[in-house]
Amino acid sequence: MRLVLLGPPGSGKGTQAARLKDYLGVPHISTGDLLRAEVAAGTPLGLQAREVMARGDLVSDEILLGMLKDRFSRDDTRPGFILDGYPRNLAQAAALGELLASLGQKFDAAVQLAVDNEKIIERLAGRAKAEGRADDSPESVRHRLNVYDQQTAPVIAFYREQGQLSVVDGVGSLDEVFGRILEAIGR
Ligand code: AP5
Ligand code: MG
């Protein structure tokens, strides 16, 4: 199964991808996690990305595509993957299509987790207290939601037009949302 998980910040992409990974037996590729690992390790890429991420802007398409190519060059992605956090704009959607085509692959489903902004703000305020993620401050969350509306919503519209999009209600218990995703992907 090759799955692209879409949805606004705090919609539960990472939470559900962790479960889907075990259920489907394919790797979870989170571009946010990959970037946070670079930041934590203090690599040149991490140093470049740190401030951009903290304020909630998108890191450059070039850096993202390099990271993604690198990750997809590993054999564990052959049987499938759950992609979380990519693509986030139309240029990235095109780049993903080209990358997969170059590997003789295409994704099976794009699933969008739908959660309203009020709920998102509540969830991320909770995570800010629990984990202290640099971009969970109220200002950064507001900015991330704007970036999502302006840059990522067109990706959703594009996949919808292509008939590749399933929308799943992301509000409910973790089990409920998980069940809805499985239903959407026919598992
Ligand atoms: P990224 O790490 O992708 O962050 P995000 O999209 O903003 O999403 P989050 O990780 O905050 O939320 P999530 O949907 O994974 O939800 P989660 O499961 O954690 O990106 C971070 C930054 O990296 C970007 O801003 C950008 O700078 C950069 N970046 C990454 N990818 C990029 C790209 N492609 N291009 C350019 N830049 C890129 O859940 C959130 C919270 O809610 C948790 O506390 C969780 O416990 C809780 N929760 C989950 N499900 C439920 C539920 N059903 N009910 C109640 N609470 C729930
Ligand atoms: Mg996440």
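Among the numbered conditions (1) more than 11 Å from ligand 1 (Cβ to nearest atom); (2) part of a helix (DSSP H, G or I), the only one that Leu65 does not meet is (1). Among the residues making up the stretch 16-31, a single one is touching a helix residue (DSSP H, G or I) at 6+ places or on another chain (Cβ under 7 Å) and open to solvent by 70 Å² or more (accessible area, probe 1.4 Å): Arg19. Whether any residue in the stretch 32-44 is open to solvent by less than 60 Å² (accessible area, probe 1.4 Å), away from ligand 2 (no atom under 16 Å from the Cβ) and closer than 26 Å to Arg144 by Cα is what I want to check. For the stretch 32-44, residues open to solvent by less than 60 Å² (accessible area, probe 1.4 Å), away from ligand 2 (no atom under 16 Å from the Cβ) and closer than 26 Å to Arg144 by Cα: present.
Filter the stretch 166-180 down to residues that are surrounded by 13 or more Cβ atoms within 10 Å (Cβ to Cβ) and either touching a Phe, Trp or Tyr at 6+ places or on another chain (Cβ under 9 Å) or under 19 Å from Ala110 (Cβ atoms) (or both), then give me how many there are. Looking only at that region, the number is 8.
Scanning the stretch 80-96 for residues that are of a type outside the set (A, V, I, L, M), farther than 10 Å from Thr152 by Cβ and open to solvent by 40 Å² or more (accessible area, probe 1.4 Å) gives no hits.
Among the residues of the stretch 100-113, those identified as exposed (fewer than 15 other Cβ atoms within 10 Å of the Cβ) and either within 17 Å of the chain's Cα centre (by Cα) or part of a loop (DSSP other than H, G, I, E, B) (or both) are Leu103, Gly104, Lys106, Asp108.
The values are calculated or read from the model by the stated rules, or taken from the named source; none is laboratory data. Bear in mind that the values here come from a model prediction, so they are computed numbers and not experimental data. In this analysis, Cβ positions are derived from the backbone assuming ideal geometry, glycine residues included, and neighbour counts consider all displayed protein chains. Areas reflect the complete protein model, heavy atoms only, side chains present, ligands, DNA and RNA absent. Shrake-Rupley method; radii C 1.70, N 1.55, O 1.52, S 1.80 Å.
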